[in-house]
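Student: Next up is a structure, given as structure tokens.
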Amino acid sequence: MASVNVIKPKARMSNSNILFLIAAVIFVLMYLFAIISYPGSFMQFQTFFDLFNLNAPLIIMTLGLCIVMIGGGIDISIGSVCGLVTMACAVFLESDKGNIGGAILISLGIGIAFGILQGYLISYLEIQPFIITLSGLFLAQGLLTTLHKDPINVTMPAFVRLRDFDIIITWLGTKNRLGVFIPCEIKPGTIIVVILLVLLASVMKWSRFGRNVYAVGGNSHSANMLGINVKKTIFLTYVISGLTAGLAGFVYIMTTGAGNVGNASGAEMKAIASAIIGGTLLNGGVGNLLGAPIGTLTLLVINELIRAAGVQSNFQAMVSGLLLYFFIVLQSIIMALRDKKGFRLALPSWLRLSNKG
Amino acid sequence: MLSEIILEMKDISKSFPGVKALDSVDFKLRKGEIHALMGENGAGKSTLIKIITGVYEKDAGLITLQGEPIHFKTPQEAQDKGIGTVYQEIMLCSNLTVAENMFIGRSHGPVVNWKQMNEKAEQLLASLGIPASPMQELSSCSLAVQQMIAIARAVDMDCKILILDEPTSSLDEDEVHKLFELMRELKDRGVGIIFITHFLEQVYEISDRTTVLRNGKLVGEYETASLPQIELISKMLGNVLEDITKLKKHEPVVTDTSVPVFEGIGLSSVAGVRPFNFAIQKGEVNGFAGLLGSGRSESARAIFTADKVTGGEVKMKGKRVKIKTPLHAIKQGIGYLPEDRKGDGIIADLSVRDNIILTLQVLKGFFKPFSLKQAEEFADDYIEKLNIKTPTANTPIRSLSGGNQQKVILARWLLTHPEYLILDEPTRGIDVGTKVEIQKLVIQLANEGMSVTFISSEIGEMIRTCSRLIVMKDREIVGELRGTDLTENDVMNVIAKGGRNA
Ligand SMILES: Nc1ncnc2c1ncn2[C@@H]1O[C@H](COP(=O)(O)OP(=O)(O)OP(=O)(O)O)[C@@H](O)[C@H]1O
Ligand SMILES: [Mg+2]
């Protein structure tokens with residue numbers, strides 16, 4: 001009930017922001033822990049930059065996926081689309097007509113094509129996103145193996161130059177044991193991550209489209225009644241996620257320099273985990289794009305820690321799994337506390353066993 | 001008064017599986033008039049609205065807006081043509097801020113200017129006296145505030161036509177007043193307003209014309225002032241309703257006054273009710289009266305421990321018991337129909353019957369044991385008793401009209417037969433005919449030995465149903481009224497005199 005006295009209630013923090021904040025705090029604490037435990041590697045700036053340098057494709061995919069998830073959907077085709085793009089680029093670059101501009105166009109083209117196809121089927125024909133993007137996953141995998149089965153190492157000189165290109169930060173770095181100063185290096189992929197992050201986070205915060213995505217993910221029925229074109233909004237989220245998957249593919253091959261059937265396989269699951277850890281709820285309407293890199297990095301740092309501890313690598317998968325449980329339960333508890341409603345796992349209805357609510 | 005017709009609907013028909021919701025209905029809205037659309041639950045009022053705004057597609061008929069035939073396919077088109085709508089079920093997004101909810105879907109630029117939007121929202125909220133801040137997330141607002149925000153959104157749209165489908169159902173008198181002032185202002189500016197409500201006094205207070213629907217058919221269009229209330233009711237129901245004011249007062253069947261069924265001593269909760277003492281006897285119907293925000297719902301919630309209880313002790317039939325959670329309360333034989341029924345409301349895809357027996361099944365073993373078959377029979381019985389309009393008991397509940405869904409949730413709790421039942425706003429959104437049935441049913445249950453706390457924002461309804469009224473103000477009890485000839489004035493007097501600032 002409203003209180004009669006017209007005291008303006010304080011605007012409390014939104015769910016999106018509080019989940020993001022928690023993710024950020026946990027990440028910082030964990031990184032501090034890593035620095036204290038293994039100062040040898042984590043004290044170095046380069047280690048931090050390498051997290052981006054080596055995992056730029058995953059972060060890029062997670063960004064697009066977060067937008068889809070905020071809109072209440074899911075896209076599990078992104079890993080395979082990314083893999084397909086690396087192979088397509090490799091084949092093209094090794095052909096006679098191979099050039100870098102063309103490779104970028106191919107990457108974005110494949111991504112958009114998948115985005116448009118899946119977005120159309122999901123939004124306009126109202127088919128479950130899980131099913132559609134699972135089909136997309138198989139389709140992309142099939143295309144990938146049809147295209148080429150064996151690994152291709154791209155040798156085109158222009159491309160090799162791009163692959164090996166580093167941005168050197170002269171004022172930041174560490175002295176090695178011999179006392180020689182080694183400056184930090186940043187890969188172009190990291191720059192793309194930063195640009196894309198700023199761009200997409202701004203879109204989600206300040207564009208009409210971005211706010212519509214939140215509305216649709218929160219309550220698509222209400223959003224429709226409020227005059228939002230729900231179908232178009234959902235459609236566009238999948239196009240964006242296709243685009244980022246395509247771009248991730250190009251960044252992937254730019255990092256590794258090779259097309260391979262196994263490229264980025266299973267990346268969709270890492271991206272989903274990253275998104276969740278970064279504070280994007282699976283049931284839509286809540287999330288902050290700045291959480292995407294934080295989620296990815298949290299996952300990576302945990303794995304690095306395990307490796308540094310010298311534990312067998314199968315523990316990494318287990319710990320990733322436990323971390324995910326931890327975050328989903330933590331988020332559910334926070335949401336329950338805030339809404340003063342009963343505890344309920346923050347999962348979409350199609351992932352919950354009971355169909356209540 | 002010769003006024004230009006802005007909206008005309010001719011021969012509108014609409015069928016849903018198993019129901020003819022509208023059967024060649026005509027409707028006319030003139031410039032600068034407030035037009036009440038009346039009818040029982042399920043008469044087809046909301047369907048007519050949704051056909052105008054493009055939520056549903058009509059099967060047949062013609063709609064013209066200022067002489068031009070229109071055919072909206074989405075609510076957005078209607079909005080763009082200057083039709084502002086507040087739907088019966090509040091249609092807002094709870095994960096967005098208050099300001100966003102007021103402006104989203106209305107601007108067409110690619111960029112959101114938060115600063116400007118928040119400033120505009122702030123002004124609008126202030127001018128309507130809505131206690132909310134623009135940057136607050138909507139989920140943290142009460143139902144009443146959300147309703148006001150939905151209204152603020154619609155009236156701000158600079159519209160030609162404003163449609164209000166039961167906007168007053170969760171508002172208190174003050175807020176209704178503010179809304180009416182606003183409606184009059186818009187009317188003077190030439191806006192045509194369609195107003196749906198089940199509060200007859202409101203129809204007479206504000207509307208110029210009334211169109212009555214019954215079972216999807218048009219009964220007629222009348223000048224409100226020249227249509228006596230009793231006639232309006234009989235037009236809506238199709239028969240003459242016994243005078244509700246003559247409804248028999250209920251006297252508690254007191255078996256043993258020394259031991260109350262429920263007794264709370266010094267109860268207080270996180271919701272801010274001041275510690276209060278309260279007891280209810282077997283077979284008694286009492287009520288918490290007071291204005292919105294007086295603490296009437298909060299007290300009920302404290303009894304059921306729906307809000308965390310911070311102090312006090314509880315006795316059931318004289319024995320001290322510990323009630324910490326709603327589940328404990330249920331185990332002790334307390335049932336509770338919450339005021340906000342959206343949260344614990346309906347399960348859209350389950351049938352009407354399953355929705356009714358849901359709580360009973362969950363509570364199996366806590367109250368009287370029933371077999372499933374018995375439960376289903378009871379459910380069917382309540383469908384009839386509460387006049388729930390549904391094609392069959394197996395129809396999914398989502399296809400019922402708003403009021404009929406409310407009845408299902410009420411039936412759910414009535415059916416559980418707890419020893420002590422708390423009903424917070426049980427008749428919200430329910431038509432006059434059924435309101436009387438509900439009052440009778442409550443009294444009948446009390447006569448069978450159930451204790452009931454009945455809370456309603458309609459004081460008249462409480463006076464007719466309750467044998468004892470506990471009057472609240474500023475979150476504390478300021479008086480108690482008994483007697484068979486109470487009037488609304490008696491209650492208002494206690495409210496006016498009572499309280500800290502008295
Ligand atoms: N989406 C739907 N699917 C199937 N039937 C429906 C649907 N919407 C409404 N109906 C049926 O149409 C009839 C009219 O419903 P409507 O919602 O227009 O009633 P109403 O006059 O607004 O009632 P209330 O006062 O309870 O809001 C009802 O019998 C209802 O069951
Ligand atoms: Mg209705």
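Student: For residues that are crowded, with 21+ Cβ neighbours inside 10 Å and part of a helix (DSSP H, G or I), scanning just the stretch A:186-199, find the one that is nearest to the other protein chains (Cβ to nearest Cβ). Quick ask: steps written out before the conclusion?
Tutor: At the first step, the residues of the stretch A:186-199 found to be crowded, with 21+ Cβ neighbours inside 10 Å are A:187, A:189-190, A:193, A:196.
Next cut, part of a helix (DSSP H, G or I) only: A:189-190, A:193, A:196.
Numbers: A:GLY189: 29, A:THR190: 28, A:VAL193: 24, A:LEU196: 19 Å.
Top of the filtered list is A:LEU196.
Student: Out of curiosity, is B:ALA78 within 16 Å of ligand 2 (Cβ to nearest atom), under 29 Å from B:PHE180 (Cα atoms) and buried (at least 20 other Cβ atoms within 10 Å of the Cβ)?
Tutor: no
Student: Now for a different question. Quick one: in the stretch A:53-83, of everything that is open to solvent by 10 Å² or more (accessible area, probe 1.4 Å) and of a type in the set (A, V, I, L, M), which residue is farthest from A:ALA258 (Cα to Cα)?
Tutor: Among those residues, the one meeting the criterion is A:LEU58.
Student: Could you look through the stretch A:200-215, keep only residues that are aromatic (Phe, Trp, Tyr) and touching a residue at least 24 places away in the same chain (Cβ under 8 Å), and pick out the one that is surrounded by the most Cβ atoms within 10 Å (Cβ to Cβ)?
Tutor: Step one: of the stretch A:200-215, the residues aromatic (Phe, Trp, Tyr) are A:206, A:209, A:214.
Applying the additional criterion that residues be touching a residue at least 24 places away in the same chain (Cβ under 8 Å) yields A:209, A:214.
Values: A:PHE209: 18, A:TYR214: 27.
Looking at the filtered set, the residue picked out is A:TYR214.
Student: Which residues, counting only those in the stretch B:444-459, are farther than 26 Å from B:SER169 by Cα and aliphatic (A, V, I, L, M)?
Tutor: Once the filter is applied, which keeps residues that are farther than 26 Å from B:SER169 by Cα and aliphatic (A, V, I, L, M), the stretch B:444-459 yields B:ALA446, B:MET450.
Student: Go through the stretch B:2-30 and give me each residue that's open to solvent by 30 Å² or more (accessible area, probe 1.4 Å), among the aliphatic types (A, V, I, L, M) and within 16 Å of ligand 2 (Cβ to nearest atom).
Tutor: Answer for the stretch B:2-30, where residues must be open to solvent by 30 Å² or more (accessible area, probe 1.4 Å), among the aliphatic types (A, V, I, L, M) and within 16 Å of ligand 2 (Cβ to nearest atom): just B:VAL19.
Student: Return only the number of the condition from (1) farther than 20 Å from B:LEU292 by Cα; (2) in contact with an Asp or Glu (Cβ under 9 Å, 6 or more places away or on another chain) that B:PRO418 does not satisfy.
Tutor: Result: B:PRO418 fails condition (2) only.
Student: Further, regarding this structure: Go through the stretch B:370-401 and report how many residues are in a helix (DSSP H, G or I), more than 14 Å from every other protein chain (Cβ to nearest Cβ), within 13 Å of ligand 1 (Cβ to nearest atom) and crowded, with 21+ Cβ neighbours inside 10 Å.
Tutor: The first filter runs over the stretch B:370-401 and keeps only residues in a helix (DSSP H, G or I), leaving B:372-385, B:397-399.
Subsequent filtering for residues that are more than 14 Å from every other protein chain (Cβ to nearest Cβ) retains B:372-385, B:399.
Checking the rest, the ones that are also within 13 Å of ligand 1 (Cβ to nearest atom) come to B:383, B:399.
Filter once more, keeping what is crowded, with 21+ Cβ neighbours inside 10 Å: B:383.
Final tally of qualifying residues: 1.
Student: Just name the residue that is most open to solvent (accessible area, probe 1.4 Å) out of those in the stretch A:222-280 that are within 14 Å of chain B (Cβ to nearest Cβ) and not in a helix (DSSP H, G or I). Lay out the reasoning, then the answer.
Tutor: Going residue by residue through the stretch A:222-280, those that are within 14 Å of chain B (Cβ to nearest Cβ) are A:222-233, A:236, A:279-280.
Checking which are not in a helix (DSSP H, G or I) leaves us with A:226-229, A:279-280.
Values: A:LEU226: 6, A:GLY227: 1, A:ILE228: 6, A:ASN229: 70, A:GLY279: 0, A:THR280: 1 Å².
Only one residue fits best here, namely A:ASN229.
Student: Quickly run through the stretch B:387-405 and pick out the residues that are hydrophobic (A, V, I, L, M, F, W, C) and within 16 Å of ligand 2 (Cβ to nearest atom). Before the answer, list the steps.
Tutor: Of the stretch B:387-405, the ones hydrophobic (A, V, I, L, M, F, W, C) are B:388, B:393, B:397, B:400.
Within the stretch B:387-405, B:ILE388, B:ILE397, B:LEU400 qualify.
Student: Turning to a different aspect of this structure: Return only the number of the condition from (1) within 16 Å of ligand 2 (Cβ to nearest atom); (2) more than 20 Å from the chain's Cα centre (by Cα) that B:LYS45 does not satisfy.
Tutor: Result: B:LYS45 passes all but (2).
Student: A further question follows. I'm checking my understanding of the structure. Among residues of the stretch B:170-190 that are in contact (Cβ under 8 Å) with a residue 60 or more places away in the chain and either open to solvent by less than 10 Å² (accessible area, probe 1.4 Å) or within 14 Å of chain A (Cβ to nearest Cβ) (or both), which one is nearest to ligand 1 (Cβ to nearest atom)?
Tutor: Looking at residues that are in contact (Cβ under 8 Å) with a residue 60 or more places away in the chain and either open to solvent by less than 10 Å² (accessible area, probe 1.4 Å) or within 14 Å of chain A (Cβ to nearest Cβ) (or both), I get B:SER170.
Residues checked against (1) assigned to a helix (DSSP H, G or I); (2) within 16 Å of ligand 1 (Cβ to nearest atom):
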residue: B:GLY54; (1), (2): no, yes
residue: B:GLN79; (1), (2): yes, no
residue: B:ILE90; (1), (2): no, yes
residue: B:SER94; (1), (2): no, no
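Student: Could you please tell me which pairs satisfy a Cβ distance under 7 Å, a separation of 6+ or placement on different chains, a first residue in the stretch B:279-298 that is buried (at least 24 other Cβ atoms within 10 Å of the Cβ), and a second residue that is in a strand (DSSP E or B) and among the acidic types (Asp, Glu)?
Tutor: Partner pairs satisfying both residue conditions: B:GLY295/B:GLU476; B:SER297/B:ASP424.
Student: Name the residues in the stretch B:63-72 that are assigned to a strand (DSSP E or B) and surrounded by 14 or more Cβ atoms within 10 Å (Cβ to Cβ), would you?
Tutor: Keep residues of the stretch B:63-72 that are assigned to a strand (DSSP E or B), which gives B:63-65, B:68-69.
B:ILE63, B:THR64, B:LEU65 - these are the residues of the stretch B:63-72 that are assigned to a strand (DSSP E or B) and surrounded by 14 or more Cβ atoms within 10 Å (Cβ to Cβ).
Student: If you don't mind, another one. Considering only the stretch A:170-184, I want to know if a residue exists there that is at pLDDT 85 or above, at negative phi and surrounded by 15 or more Cβ atoms within 10 Å (Cβ to Cβ).
Tutor: So in the stretch A:170-184, the residues at pLDDT 85 or above come out as none.
No.
Student: Of the numbered conditions (1) more than 14 Å from chain A (Cβ to nearest Cβ); (2) away from ligand 1 (no atom under 16 Å from the Cβ); (3) farther than 30 Å from A:SER16 by Cα, B:VAL155 satisfies every one except a single condition; which is it?
Tutor: (3)
Student: Here's another thing I want to ask about it. Applying the selection to the stretch B:114-125, what residues are open to solvent by 20 Å² or more (accessible area, probe 1.4 Å) and either within 12 Å of B:MET148 (Cα to Cα) or modelled with pLDDT under 90 (or both)?
Tutor: Result: B:LEU124, single match.
Student: Regarding the stretch B:459-466, can at least one residue be identified that is polar (S, T, N, Q) and open to solvent by 40 Å² or more (accessible area, probe 1.4 Å)?
Tutor: As a first pass, look at the stretch B:459-466 and keep what is polar (S, T, N, Q): B:465.
Filter once more, so that each one left must be open to solvent by 40 Å² or more (accessible area, probe 1.4 Å): none.
Taking every residue of the stretch B:459-466 in turn, none turns out to be polar (S, T, N, Q) and open to solvent by 40 Å² or more (accessible area, probe 1.4 Å).
Student: Next up: Report, by residue number, each residue of the stretch B:31-57 that is surrounded by fewer than 20 Cβ atoms within 10 Å (Cβ to Cβ) and within 17 Å of B:VAL203 (Cα to Cα).
Tutor: B:GLY32, the sole residue that qualifies.
Student: Taking the stretch B:97-112, which residues are at the interface with chain A (Cβ under 7 Å from one of its Cβ atoms) and out of contact with any strand residue (DSSP E or B) (no Cβ under 7 Å at 6 or more places or on another chain)?
Tutor: Selection gives B:GLU100, B:ILE104, B:GLY105, B:ARG106, B:SER107, B:GLY109.
Student: In addition: Checking the conditions here, which among B:LEU218, B:LEU237 is open to solvent by 40 Å² or more (accessible area, probe 1.4 Å) and touching an Asp or Glu at 6+ places or on another chain (Cβ under 8 Å)? Walk me through how you get there before you give the answer.
Tutor: On the way: B:LEU237 fails: open to solvent by 40 Å² or more (accessible area, probe 1.4 Å).
B:LEU218 is the lone residue from the list that is open to solvent by 40 Å² or more (accessible area, probe 1.4 Å) and touching an Asp or Glu at 6+ places or on another chain (Cβ under 8 Å).
Student: Is it the case, given these coordinates, that B:ILE430 is within 16 Å of ligand 1 (Cβ to nearest atom) and more than 14 Å from chain A (Cβ to nearest Cβ)? So that I can check it myself, show each step before the final result.
Tutor: Working: within 16 Å of ligand 1 (Cβ to nearest atom): yes; more than 14 Å from chain A (Cβ to nearest Cβ): yes.
It is true that B:ILE430 is within 16 Å of ligand 1 (Cβ to nearest atom) and more than 14 Å from chain A (Cβ to nearest Cβ).
Student: Determine which member of the set B:VAL452, B:VAL436 is touching a residue at least 24 places away in the same chain (Cβ under 8 Å), among the hydrophobic types (A, V, I, L, M, F, W, C), buried (at least 24 other Cβ atoms within 10 Å of the Cβ) and more than 16 Å from ligand 2 (Cβ to nearest atom). Explain how you work it out, then say what you get.
Tutor: Values: B:VAL436 fails: buried (at least 24 other Cβ atoms within 10 Å of the Cβ).
After applying the criteria, what remains is B:VAL452.
Student: Please go through the stretch B:406-423 and give me each residue that is open to solvent by 40 Å² or more (accessible area, probe 1.4 Å) and within 16 Å of ligand 2 (Cβ to nearest atom), ordered by number.
Tutor: B:GLN406
The values are calculated or read from the model by the stated rules, or taken from the named source; none is laboratory data. All of these numbers come straight from a predicted model, not from anything done at the bench. Methodologically, a virtual Cβ is constructed for each residue, glycine included, from the backbone with ideal geometry; neighbour enumeration extends over all protein chains shown. What goes into the accessible areas is simple: the full protein's heavy atoms, side chains included, and nothing from ligands, DNA or RNA. Shrake-Rupley method; radii C 1.70, N 1.55, O 1.52, S 1.80 Å.
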